[in-house]
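The values are calculated or read from the model by the stated rules, or taken from the named source; none is laboratory data. Bear in mind the structure is a predicted one, so any value in this text is a computation, not a measurement. Virtual Cβ from ideal backbone geometry, glycine too; neighbours counted across all protein chains shown. Please note that ligands, DNA and RNA were not included when accessible areas were found on the heavy atoms of the full protein model with its side chains. Shrake-Rupley method; radii C 1.70, N 1.55, O 1.52, S 1.80 Å.
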Amino acid sequence: MSLVRLNSEQSRQLGQTRAVIGESIRQAGGAIPFDRYMELALYAPGAGYYVNGARKFGRQGDFVTAPETSSLFSRCLANQCAEVLAQTGGDILEFGAGSGIMAADILARLQELDSLPGRYQIMELSAELRQRQRETLAARVPDLLARVEWLDRLPGAGWRGMVLGNELLDAMPVSRFRREADGWAESFIEGDVEAFRESWRPPAPGLERALGALEGRLGAFEAGYTSEINLRLGAWMRAVTAFLGRGAILLIDYGYPERAYYHPERDQGTLICHFQHRAHDDFLLLPGLQDLTANVDFSALAQAGVEAGLELGGYTTQAQFLLGCGLDALLSDIGVAQGERYLREVQAAKQLILPGAMGERFQVMAFTCGIDPSLRGFSSRDMRETL
């Protein structure tokens, strides 16, 4: 990315995050694995990207998510939530609620359907985002704010309802690897606050085993092939399964099934950074100021969920999921008679479902526990055979 000019507050934040990472490198003896670097860059208390108070979502932030694009997205999700809540009762739990706009629009639609949850719970690390979420909800659904609860820890066992994660897993730290002629190498970050750099070292045993299994399924990688793998999915899925008594988990993110993720032509991986609506691949440039994400391997996600004891409820594109959840009917309810609003919503719907926009780039996966696994969002098309 071309030269970036920072204001004084951004410079302060950048220096703070670099200092935290530099100290971690020093304590580790000169280098930390990439997943630890990514974890600190995104989540270091008071310094990481998602917890430092900088504006992230919307046109004044670094990127625009589907809920920010149109309320139609969240209203479709609410239709799916209503189906699950009809079977389970209970609550909704959203991980990482961003600006709070998705929660507000889901609650508004569920109120229309007379299907409100007992509580709308939010797991959010950032104090700044919690406050912004509260302000959004107070402005958009003031009569429903009392139903919203921010959690500091996961619920206890026996919880019932719907778990939501929109663009959640792409920000989970990943391990970065490279295939060498004589084996595997793992990415480490070394240096000090003045200059971080990447180096390649022998991989940790767990990573080496995972890469050996991957190559066993897909065939040998060419020397120099570089990508990433998420070794934390299993632990996260087990943690969610531990509290889910009856209900469903719905996860929406950009990514691919395993064979597409590790396609020979995708030989530099999927890591991407976002800063002020510009995308680039220099993950060392602005730690703490830029978003850093990796695509989701949906085959690995499906395996992690099933191994945790859940039933795979479906896998499809965002476009097909939204259509299955009644996007067409929601547009019809607005009606052409509303003129400019209808035209705006049609344009927004195109962004959500067209292949060249979000429609196929984003994928949706559901897991169920103790309920009918036939969810309406996967009624148009189910792609589990591609996993």
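G96 meets the conditions (1) in contact with a helix residue (DSSP H, G or I) (Cβ under 9 Å, 6 or more places away or on another chain); (2) surrounded by 22 or more Cβ atoms within 10 Å (Cβ to Cβ) in every case but one. The failed one is (2). Within the stretch 116-148, being hydrophobic (A, V, I, L, M, F, W, C), more than 25 Å from E83 (Cα to Cα) and either without any contact (Cβ under 8 Å) to a residue 40 or more places away in the chain or in contact with a Pro (Cβ under 6 Å, 6 or more places away or on another chain) (or both) holds for A138, A139. Selection over the stretch 270-288 of residues that are assigned to a loop (DSSP other than H, G, I, E, B) and either under 23 Å from A195 (Cα atoms) or open to solvent by 20 Å² or more (accessible area, probe 1.4 Å) (or both) gives a count of 11. Just name the residue that is nearest to Q27 (Cα to Cα) out of those in the stretch 175-200 that are touching a residue at least 60 places away in the same chain (Cβ under 8 Å) and small (G, A, S). Per the stated criteria, the residue is G191. Of the strands (runs of 3 or more DSSP E) contained entirely in the stretch 85-169, not one carries at least 3 residues that are charged (D, E, K, R) and more than 30 Å from A235 (Cβ to Cβ). Here G255, G234 are screened, and the one residue that is under 23 Å from Y315 (Cβ atoms), surrounded by fewer than 18 Cβ atoms within 10 Å (Cβ to Cβ) and in contact with a helix residue (DSSP H, G or I) (Cβ under 7 Å, 6 or more places away or on another chain) is G234. For the stretch 216-231, the tally of residues that are free of Cβ contacts under 8 Å to residues at least 12 places away in the same chain and either surrounded by 14 or more Cβ atoms within 10 Å (Cβ to Cβ) or under 17 Å from S187 (Cα atoms) (or both) stands at 0.
Return the total of residues in the stretch 20-33 being assigned to a helix (DSSP H, G or I) and surrounded by 15 or more Cβ atoms within 10 Å (Cβ to Cβ). Don't jump to the end; show me each part of the working.
To start, the set of residues in the stretch 20-33 that are assigned to a helix (DSSP H, G or I) comprises 20-27.
If we keep only those that are surrounded by 15 or more Cβ atoms within 10 Å (Cβ to Cβ) as well, we get 20-22, 24-25.
Within the stretch 20-33, residues that are assigned to a helix (DSSP H, G or I) and surrounded by 15 or more Cβ atoms within 10 Å (Cβ to Cβ) number 5.
Against the conditions (1) at pLDDT 95 or above; (2) outside any loop (DSSP other than H, G, I, E, B); (3) more than 20 Å from F73 (Cβ to Cβ), A366 satisfies every one except (3).
Please find, among A210, A248, A242, the residue that is small (G, A, S), within 30 Å of M102 (Cα to Cα) and in a helix (DSSP H, G or I).
Working: A210 fails: within 30 Å of M102 (Cα to Cα); A248 fails: in a helix (DSSP H, G or I).
Checking each option against the conditions leaves just A242.
Taking the residues in the stretch 337-382 that are open to solvent by less than 90 Å² (accessible area, probe 1.4 Å) and over 24 Å from C81 (Cα atoms) as candidates, determine which candidate is nearest to the chain's Cα centre (by Cα). The selected residue is A357.
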